[in-house]
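Notes follow once the structure below has been shown.
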Amino acid sequence: MPAAHIRRPSRTAAPHRPAVGSVVLSGVEVVREGCVEPFLHVRPTLSSSSVRWAGLAVEDYSIPECIIQRHEHIENFLHVVLRGSVKYEVVTRGKTLQFDANPGTTFILPRGTIDEVRWRGPTHRVAVAIHPSRLTGALEETAHESDIELIEHWNLADPHIMAVLLAMTTDLTEHSPAGRLYGESLANALAVYLLNRYTVRRYTPTAYRGGLPGYRLRRVLDFIGDNLADDLSLSQLAAVAGMSPHYFAELFSKSTGYPAHRFVLLQRIERAKQSLLDPGRSILEIGLDAGFQNPSHFARMFRKFVGLSPSRFKSETLRLL
C-alpha cells in the first residue's frame with residue numbers, strides 16, 4: 001500500500017490501546033513506498049533499542065548534507081538539532097517550507113505526517129518516536145483516550161524538550177545505570193510536557209500535596225525489595241501503586257525524598273553492601289543479585305556511591321569484623 005494511502009486511526013473509533021509498559025519500539029521507523037524502514041539509512045551513534053524503554057525510541061545521529069526521501073511517520077515524532085547551523089527545506093502537504101536550523105531547532109509531528117526534508121549541511125540530531133500509549137498512559141486525565149493528536153511544528157525552539165532529550169542521550173552514553181527506570185521516567189516527563197503544551201487539546205496535571213498513602217507506599221517498597229534484581233520499569237511501579245506514572249513518580253519522590261530511579265539504585269547499593277559481608281559469595285554473584293547489569297557497571301556505581309571498589313570494601317569491612 002502506498003504511504004500516501006496509509007491513514008491515522010480515526011479519532012472517533014475506540015481501538016484497543018495497549019498499556020504503555022507493554023509497547024517497546026524497535027527504533028525510529030517510517031513508511032516509504034509501502035514498506036516500514038528506518039527513518040535514516042545510517043546507523044545511529046546511540047539508540048535506546050537495547051534498553052527497551054516502553055512507548056518511546058530515541059536515536060542519535062551525526063550525518064552530512066542529505067535528502068530524507070518522502071516518508072510517513074508511523075509514530076508521533078520529535079527531532080532536535082544538537083549541532084549544526086544549516087538551511088533545510090520541508091516538502092509536505094503540497095507546500096515547500098524553507099527554514100534555518102540551529103542548535104535547539106525542533107520538529108514535533110503527529111503520527112501520519114508525510115514529508116520530505118532536504119538538509120543543506122551536516123548536523124548532529126536526536127530523533128524520537130513516541131507511541132500513542134506513551135501519551136495516553138501518562139496521566140489519569142488521559143487514560144480514557146484512544147489517541148491524542150500533537151500539533152505540527154517544523155521550526156520550534158523549546159529548551160525544555162532539548163534538556164530532556166540530552167538527559168536521555170547521556171543515560172544511554174552511560175549505559176543506563178538505573179536500567180529502564182530512569183529513561184522511562186524522563187520519557188513520561190516528556191509526555192506530560194507535550195500534553196500540556198503541544199497537543200490539540202491541552203492537559204494540565206493536577207498538583208497533589210503530600211506523598212503516597214502509607215499502604216500504597218508499603219506495597220511499592222515491598223515490590224522493589226522482592227524484585228530488586230530485575231530491570232524494574234516506571235510503569236511496573238506505577239501499576240503496583242495503582243496510579244498513572246506521572247502521579248506515582250511525583251508522590252513517590254515526596255514520600256521517600258528520592259526519584260524512583262535514584263531510590264532503586266540506592267537500594268541496590270545497600271543490598272550489595274550487606275551481601276559483601278558474606279565471605280563465601282563472589283563479587284560477580286553479589287552484583288547480579290543486587291540488580292546490576294555486569295561487573296563493570298556494578299563496580300562503577302558502587303565506587304560512585306560508596307567511594308570504594310566492591311572488592312576493597314569487602315576486604316576492609318571483613319578485616320574489621
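The values are calculated or read from the model by the stated rules, or taken from the named source; none is laboratory data. Values in this document were obtained by computation on a predicted structure and should not be read as measured data. No Cβ is skipped: glycine too gets one built from the backbone with ideal geometry, and neighbour counts run over all protein chains shown. Heavy atoms of the whole protein, side chains included, go into the accessibility calculation; ligands, DNA and RNA do not. Shrake-Rupley method; radii C 1.70, N 1.55, O 1.52, S 1.80 Å.
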Q.
Tell me the mean residue ellipticity at 222 nm calculated for the chain from its helices only (DSSP H runs of n ≥ 4, each -39500 (n - 2.57), averaged over every residue, nearest 500).
A. -11000 deg cm²/dmol
Q | region 212-321 - Rg (one decimal) and Dmax (whole number), Cα, Å | A | 15.3, 47
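Of the listed peptides 124-137, 243-256, what is their order by residue-averaged count of other C-beta atoms within 10 Å, with the highest listed first? Write out the running numbers ahead of the final one.
On the way: 124-137: 23.4, 243-256: 21.2.
Final packing ranking: 124-137, 243-256.
Could you work out what % of the accessible surface of region 211-259 is carbon and sulfur, using a 1.4 angstrom probe and leaving DNA, RNA and ligands out of the count?
Carbon and sulfur together cover 51 percent of it.
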(Q) Counting pairwise Cα distances across the chain, what percent come out greater than 27 angstrom? (A) 49 percent
Q. Cα to Cα, under 16 Å, and not fewer than 8 places away if on the same chain: which aspartates and glutamates meet these conditions relative to Lys304?
A. Asp171, Glu174, Glu270
Q: For region 33-113, go through all pairs of different Cα atoms, get the mean of 1/r, take its inverse, and jot down that Kirkwood value in Å.
A: 14.4 Å
Q. Of the chymotrypsin sites (Phe, Trp or Tyr not before Pro) in region 138-226, which ones lie in a loop per DSSP and count no more than 13 other C-beta atoms within 10 Å?
A. Tyr208
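Using a 1.4 angstrom probe, figure out how much accessible area region 187-266 has per residue, in square angstrom, rounded to the nearest whole.
46 Å²
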Q: Treat each spin label as a single point 7 Å out from the Cα along the C-beta direction, and report the His175 to Ile67 distance in nm.
A: 4.2 nm
Q) Per 5 Å bin from zero, what fraction in whole % of the C-alpha pairs of region 68-174 is there, up to the bin with the longest pair? A) 2, 11, 20, 22, 20, 13, 7, 3, 0
Q: Show which aspartates and glutamates lie in cross-link reach of Lys87 when reach means a straight Cα distance below 18 angstrom and same-chain residues fewer than eight apart are skipped.
A: Glu65, Asp100, Asp115, Glu116
Q. Which residues does a label at Ser85 reach in region 115-143, if reach means a backbone N under 19 Å from a point 7 Å past the Cα toward the Cβ?
A. 119-125
